[in-house]
Amino acid sequence: MRRFANVAAAASVFVVLAGLLAGCSSEERKAVPKLPERICWGAFASSDVSPVLPTGERATFSSWPFVLTEDRESVSCILYIDGNTKFSASVSLEAFEGVDWSSWEKANPKPIDVGEKGIFWGTGASAYFTCEPSKGPNAPGKYIDLYVSAGDAPDESKLPKVLPKLLRQFVAFVQRELKCGAIAES
């Protein structure tokens, strides 16, 4: 009888352990939520943005149509994961009275080769290019200011490579869409 009790106890332990292990193996590993193939007006492939996104359950977007006019001088696209901003891209049409990046000076930005001038800092990158050259002192011209940002990247060491690449894609997209400021490839 004692032998039967020991075998029954061992069998129950085995069944419990097998159940626990099965539960662990079937538990889905957290991942970046499923995204459309292209995001933010089609400017970015989701596969290019995913390396700087954290895991989560649900992705949602907020964006205006990609149109810049006298009335709407800027548009942005924001990707939320589980309700929190995790990636954003914005573009503004500005009068060319000087590019103001003073808000990022405390972040110690590094120059990058994007647009006419570009900078990168911790979690963001910005660039600009001329859209409409100045026609004289009373007509300052216009430039396009672009910005991309990634918050809570799981591996921040990827940001210096990924964000400038995304910004280059964004510059090319905006130049193509707005048909202004195309910069000749060297």
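The values are calculated or read from the model by the stated rules, or taken from the named source; none is laboratory data. Quick caveat: nothing in here was measured; it's all calculated off a predicted structure. Note that we place each Cβ from the backbone using ideal geometry, even for glycine, and neighbour counts take in every protein chain shown. These area figures cover heavy atoms from the full protein model, side chains too; ligands, DNA and RNA do not enter into them. Shrake-Rupley method; radii C 1.70, N 1.55, O 1.52, S 1.80 Å.
Which one is nearest to the chain's Cα centre (by Cα) among residues in region 145-160 that are assigned to a helix (DSSP H, G or I) and of a type outside the set (K, R)? Of everything passing the filter in region 145-160, L159 is nearest to the chain's Cα centre (by Cα). Scanning region 86-131 for residues that are part of a loop (DSSP other than H, G, I, E, B), in contact (Cβ under 8 Å) with a residue 40 or more places away in the chain and touching a Phe, Trp or Tyr at 6+ places or on another chain (Cβ under 9 Å) yields F96, V99, V114, G115, E116. Against the test of being at pLDDT 90 or above, out of contact with any Asp or Glu (no Cβ under 6 Å at 6 or more places or on another chain), hydroxyl-bearing (S, T, Y) and within 22 Å of R176 (Cα to Cα), the options S157, S149 yield a single qualifying residue, S149.
Pairs please, first residue from region 16-45 and closer than 29 Å to A153 by Cβ and among the aromatic types (F, W, Y), second anywhere and modelled with pLDDT under 55 and open to solvent by 60 Å² or more (accessible area, probe 1.4 Å), Cβ atoms under 9 Å, 6+ apart in sequence or on different chains. Nothing qualifies. For V91, the criteria (1) modelled with pLDDT of 85 or more; (2) surrounded by fewer than 19 Cβ atoms within 10 Å (Cβ to Cβ); (3) not small (G, A, S) hold in every case but one, which is (2).
Residues that are in a strand (DSSP E or B) and open to solvent by less than 50 Å² (accessible area, probe 1.4 Å) within region 63-78 comprise V75, S76, C77, I78, listed in sequence order.
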